[in-house]
């Protein structure tokens, strides 16, 4: 058995507990309160609930551009760059981004992967042998469901995804879709598809939220990407009052996929508590994808981030949850387990 000691953020409330986590064969065997000299802070590993890892071939390629010019298919800067990339370049770029994400505490990413079967298998290849396991939402063709973990649709105004939704249901895999990013016009059509979750919902109105509650549809928000693309600011407080909300970093082209940066930005610019933000970055993303992580409790997967609580940055911390959400950086990470 192995163990990690320090201040442990336990359960869904992230209760700071001085003691140790006992780990057996990758599972949390026990959480024991005990005296310890360790200054480590132990928290659940992050689940980045929305990424576009293919964008790793085009970092900062859309500086100063709006939504349509930057990322909307098929003629945006992003899609032209993806189409021009050869497979080796794409796989290498995505692999290096995955390695960076793991270094910064992320154990899984729910990725909308472009270009059908070829795109999904390229991401599988990129993650081969790594400690981070992407949850791949394929696109473009129904056959992608044979190799991906689910289907990720661009938006209900872009195409009719009725067949893809039915195929995902037949395969027993989730169907997720972007909605309400540039405007609210695609939200009701997206909800008509009975998605497993929606992404963005920047322009959600009360009638949309009523349906979200009625249908129990989780939402993934990407605050920094929405800011960069100048599409508006989601009312995260209102979203949280209606459903489960998870946190994602969105396009690698636009922002580095660091959950530390996304949490800090969200905590300081929205009407949310630090506990809510940490849940959005861990538990919520794991829940919507059915992953066994995101909470530190016995019987769960030991997917953990261990921070140096005595680093130059974190020493003197009085509130470990707030320190993780608002202050911690990649430099404070000692190890990522799981």
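The values are calculated or read from the model by the stated rules, or taken from the named source; none is laboratory data. The shown structure was predicted, so the numbers you read here are calculated from the model rather than taken from an experiment. Note that we place each Cβ from the backbone using ideal geometry, even for glycine, and neighbour counts take in every protein chain shown.
Tabulated results
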item: Residue match in segment 305-312 (condition: more than 15 Å from the chain's Cα centre (by Cα), closer than 20 Å to residue 1 by Cβ and assigned to a loop (DSSP other than H, G, I, E, B)); result: no
item: Subset of segment 155-196 [farther than 20 Å from residue 136 by Cα, in contact (Cβ under 8 Å) with a residue 60 or more places away in the chain and out of contact with any helix residue (DSSP H, G or I) (no Cβ under 6 Å at 6 or more places or on another chain)]; result: 158, 181
item: Residue check, residue 336 in contact with a strand residue (DSSP E or B) (Cβ under 6 Å, 6 or more places away or on another chain), surrounded by fewer than 22 Cβ atoms within 10 Å (Cβ to Cβ) and outside any helix (DSSP H, G or I); result: yes
item: Residues that are in a loop (DSSP other than H, G, I, E, B) and under 15 Å from the mean Cα position of the chain (by Cα), drawn from segment 237-253; result: 244, 248, 249, 252
item: From the options 98, 82, 90, residue that is touching a strand residue (DSSP E or B) at 6+ places or on another chain (Cβ under 9 Å) and either modelled with pLDDT of 95 or more or buried (at least 16 other Cβ atoms within 10 Å of the Cβ) (or both); result: 98
item: Unmet requirement for residue 60, which otherwise passes all of (1) assigned by TED's automatic domain parsing to the domain that holds residue 226; (2) in a strand (DSSP E or B); result: (2)
item: Residue within segment 135-144 that is in contact with a strand residue (DSSP E or B) (Cβ under 9 Å, 6 or more places away or on another chain), part of a loop (DSSP other than H, G, I, E, B) and without any contact (Cβ under 8 Å) to a residue 40 or more places away in the chain present; result: yes
item: Some residue of segment 24-39 being surrounded by 15 or more Cβ atoms within 10 Å (Cβ to Cβ), in contact (Cβ under 8 Å) with a residue 12 or more places away in the chain, within 26 Å of the chain's Cα centre (by Cα) and outside any strand (DSSP E or B); result: no
item: Test: residue in segment 270-280 that is in contact (Cβ under 8 Å) with a residue 40 or more places away in the chain and out of contact with any helix residue (DSSP H, G or I) (no Cβ under 9 Å at 6 or more places or on another chain); result: yes
item: Selection count, segment 174-195, where residues are outside any helix (DSSP H, G or I) and surrounded by fewer than 19 Cβ atoms within 10 Å (Cβ to Cβ); result: 2
item: Odd one out for residue 19, checked against (1) surrounded by 20 or more Cβ atoms within 10 Å (Cβ to Cβ); (2) free of Cβ contacts under 8 Å to residues at least 40 places away in the same chain; (3) in a helix (DSSP H, G or I); result: (3)
